[in-house]
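The structure appears right after this line, and notes come after that.
The values are calculated or read from the model by the stated rules, or taken from the named source; none is laboratory data. All values reported here derive from a predicted model rather than from experimental measurement. Methodologically, a virtual Cβ is constructed for each residue, glycine included, from the backbone with ideal geometry; neighbour enumeration extends over all protein chains shown. With ligands, DNA and RNA removed, areas are computed over all heavy atoms of the protein, side chains included. Shrake-Rupley method; radii C 1.70, N 1.55, O 1.52, S 1.80 Å.
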Amino acid sequence: MTPQGQFLSGYYSPDYDIYSESRLTLMSDLREALNKNQTQLYYQPKACMTSGEIVSLEALIRWHHPERGWVYPNDFIPLAEETGVITHITRWALEQGIADLAILLHDHPNLSVSINISARDLETNGLSDLIETTLNHYHVKADRLTIELTETAIMENPEIGLTVLERLADVGLRVSIDDFGSGYSSLSYLKQLPATEIKLDRSLVMDICSCESSKIIVETSINMAHGLGYKVVAEGVEDKETARLLQALNCDWLQGYWLCYPLPIEKLKPWLNGQPKL
Ligand code: C2E
Ligand code: CA
Ligand code: CA
Ligand code: CA
């Protein structure tokens with residue numbers, strides 16, 4: 001039923017609220033911001049646990065609204081997914097992220113950039129064509145780009161998810177299973193995915209130093225992922241103690257505030273030239 005239909009019939013569902021006027025205004029402001037380049041990508045590094053080298057940068061959208069000030073992704077991404085505005089965000093993020101990557105590669109040829117995509121994007125025809133065209137336009141090789149997709153997004157429609165992921169992998173892109181361990185991951189399903197890396201959710205990683213069972217879960221997940229041929233990234237690492245323990249558990253890469261906050265590209269460039277932290 002259309003939002004108007006719901007309104008006229010007095011039909012109520014928990015989703016009803018997403019069509020309220022202020023939320024629709026937020027979405028039209030967001031579309032305008034995307035068109036006028038009032039949104040920005042910030043980048044958060046992922047470092048190799050053994051060499052300390054920065055292997056990748058995750059692109060995270062930032063929006064400074066002219067009246068509301070900073071509006072954070074958790075306050076608009078879910079709504080953008082519901083309303084379909086997410087496809088505009090994804091197009092914009094791919095264009096901006098690949099353009100920035102082309103510049104960064106001059107000084108850091110081994111870097112890659114990760115872009116977050118949503119379940120809804122998987123249903124959009126032409127996602128892999130768009131990515132290929134944009135990579136060609138900026139002369140960037142496909143293996144420099146990683147697509148981050150949550151396990152929940154894939155499981156929403158496993159058939160479509162798997163087909164699209166296979167196409168992306170055929171193009172040569174890297175695929176990362178984001179927020180691993182936060183949803184209802186099916187291990188038997190996981191082994192069919194053409195993914196290259198698994199990102200352990202912050203909720204799994206955050207208390208491994210104080211909680212023995214969390215440590216065991218993380219250790220087992222790392223071993224299992226390695227057994228299936230995936231690299232493992234730990235997200236949301238906030239202190240040195242956790243970083244050292246993850247290193248001892250053979251985690252491959254690390255990301256989190258302890259290493260570096262997400263930064264705009266002009267602040268990231270000098271940071272990349274500094275001393276490695278690990
Ligand atoms: P995510 O993909 O799981 O990204 C990680 C989030 O955790 C980011 O929040 C990041 O700033 C934050 N974070 C990083 N290190 C730490 C840490 O050490 N501690 C804590 N507490 N948090 C940390 P952010 O940027 O607010 O993004 C939230 C979510 O919004 C993302 O979760 C992602 O799902 C979504 N998102 C952000 N940008 C985009 C985008 O361009 N496209 C899409 N589709 N989704 C996006
Ligand atoms: Ca992510
Ligand atoms: Ca994540
Ligand atoms: Ca997460």
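Considering only residues of segment 63-73 that are away from ligand 3 (no atom under 16 Å from the Cβ) and open to solvent by less than 40 Å² (accessible area, probe 1.4 Å), which is farthest from W258 (Cα to Cα)?
Looking at the filtered set, the residue picked out is H65.
Identify, please: which residue in segment 179-194 is hydrophobic (A, V, I, L, M, F, W, C) and in a helix (DSSP H, G or I) and is, among those, nearest to the chain's Cα centre (by Cα)?
Across segment 179-194, the extreme among qualifying residues is L190.
With respect to K231, determine if the residue is under 17 Å from the mean Cα position of the chain (by Cα), basic (K, R), surrounded by fewer than 21 Cβ atoms within 10 Å (Cβ to Cβ) and at pLDDT 95 or above.
Taking the combined requirement at face value, the residue satisfies it.
I'd like the full set of residues that are within 16 Å of ligand 1 (Cβ to nearest atom) and not in a helix (DSSP H, G or I), limited to segment 215-253.
V232, V233, A234, E235, G236, V237, E238, D239, C251, W253
Looking only at segment 20-43, which residues are open to solvent by less than 20 Å² (accessible area, probe 1.4 Å) and within 14 Å of ligand 1 (Cβ to nearest atom)?
Scanning segment 20-43 gives L30, A33, L34, T39, L41, Y43.
Among the residues of segment 195-213, is there at least one that is more than 20 Å from the chain's Cα centre (by Cα), crowded, with 17+ Cβ neighbours inside 10 Å, more than 21 Å from Y43 (Cα to Cα) and of a type outside the set (F, W, Y)?
Yes, the conditions are met somewhere in segment 195-213.
Kindly list the number of the only condition in (1) closer than 30 Å to H106 by Cβ; (2) of a type in the set (A, V, I, L, M); (3) within 16 Å of ligand 3 (Cβ to nearest atom); (4) modelled with pLDDT of 95 or more that fails for A195.
Tallying (1) closer than 30 Å to H106 by Cβ; (2) of a type in the set (A, V, I, L, M); (3) within 16 Å of ligand 3 (Cβ to nearest atom); (4) modelled with pLDDT of 95 or more, A195 fails exactly one: (4).
If we keep just the residues of segment 187-228 that are in contact with a Lys or Arg (Cβ under 8 Å, 6 or more places away or on another chain) and among the β-branched types (V, I, T), which is nearest to L246 (Cα to Cα)?
Out of the qualifying residues, it is I208.
Among the residues of segment 229-241, write down those that are acidic (D, E) and out of contact with any Lys or Arg (no Cβ under 6 Å at 6 or more places or on another chain).
E238, D239, E241
Counting only residues that are assigned to a helix (DSSP H, G or I) and within 16 Å of K199 (Cα to Cα), which one in segment 134-154 is most open to solvent (accessible area, probe 1.4 Å)?
Ranking the candidates gives T152 first.
So is S221 among the hydroxyl-bearing types (S, T, Y), more than 19 Å from the chain's Cα centre (by Cα), surrounded by 20 or more Cβ atoms within 10 Å (Cβ to Cβ) and within 16 Å of ligand 4 (Cβ to nearest atom) or not?
yes
Tell me whether segment 179-191 contains one or more residues that are over 29 Å from A93 (Cα atoms) and either within 16 Å of ligand 2 (Cβ to nearest atom) or surrounded by 21 or more Cβ atoms within 10 Å (Cβ to Cβ) (or both).
Taking every residue of segment 179-191 in turn, none turns out to be over 29 Å from A93 (Cα atoms) and either within 16 Å of ligand 2 (Cβ to nearest atom) or surrounded by 21 or more Cβ atoms within 10 Å (Cβ to Cβ) (or both).
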